[in-house]
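The structure appears below as structure tokens.
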Amino acid sequence: MNIELHHDRNKAPLSEAYFWEIISLLDWSKEGDDEAVVEPAIARLASGSIRHILEFADILSEKLYALDGRRYALQSGEDAWSPDRYFSVGNFLYARCCVIANGEAFFKDVLDDPEKMPKDRSFEELLYIPSQAYQRKTGRKYAYTPAFPFETFRRIS
């Protein structure tokens, strides 16, 4: 006997695998035009349920939070964290976005080995995928707070 729950992908919770599938849609042939790079991911997410858009935001926030630590900030390049100078938390957030934008395998590699953190690289546009998909889907302003804080910089100190 087979039991299949949530045969309709749009009614099931957004899985980790589907999150990474959406990330894999980033079109790096359009590098230099970040909006064009994320467009296929926005289109896919907007074609699904509102629930999936919000769950995508939650999973993205969880991944960003997992990388929000001093050991990663120390490896982020020329502007890496140092106790004796200004550190841009915004730039560090965008560097963490770059890790996720490079896919699941790279994310796991960096999570396991902070020295693999990309140096002086960023991809801020990743943050806007859920809001753009939501606005496209509903025509309304996006006003959702994801499950994990990723702009707080709490894990550095």
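Remarks
- For segment 108-149, filtered to residues that are β-branched (Val, Ile, Thr) and modelled with pLDDT of 95 or more, the residue that is surrounded by the most Cβ atoms within 10 Å (Cβ to Cβ) is Ile129.
- Residue tally, condition open to solvent by 40 Å² or more (accessible area, probe 1.4 Å) and not in a helix (DSSP H, G or I), over segment 28-70: 4
- Selection status of Ala105, part of a helix (DSSP H, G or I), buried (at least 16 other Cβ atoms within 10 Å of the Cβ) and among the small types (Gly, Ala, Ser): no
The values are calculated or read from the model by the stated rules, or taken from the named source; none is laboratory data. Quick caveat, the model's predicted, so the values are computed rather than measured. We place every Cβ from the backbone using ideal geometry, glycine too, and count neighbours over all the protein chains shown. These accessible areas exclude ligands, DNA and RNA; they are computed on the full protein's heavy atoms, side chains included. Shrake-Rupley method; radii C 1.70, N 1.55, O 1.52, S 1.80 Å.
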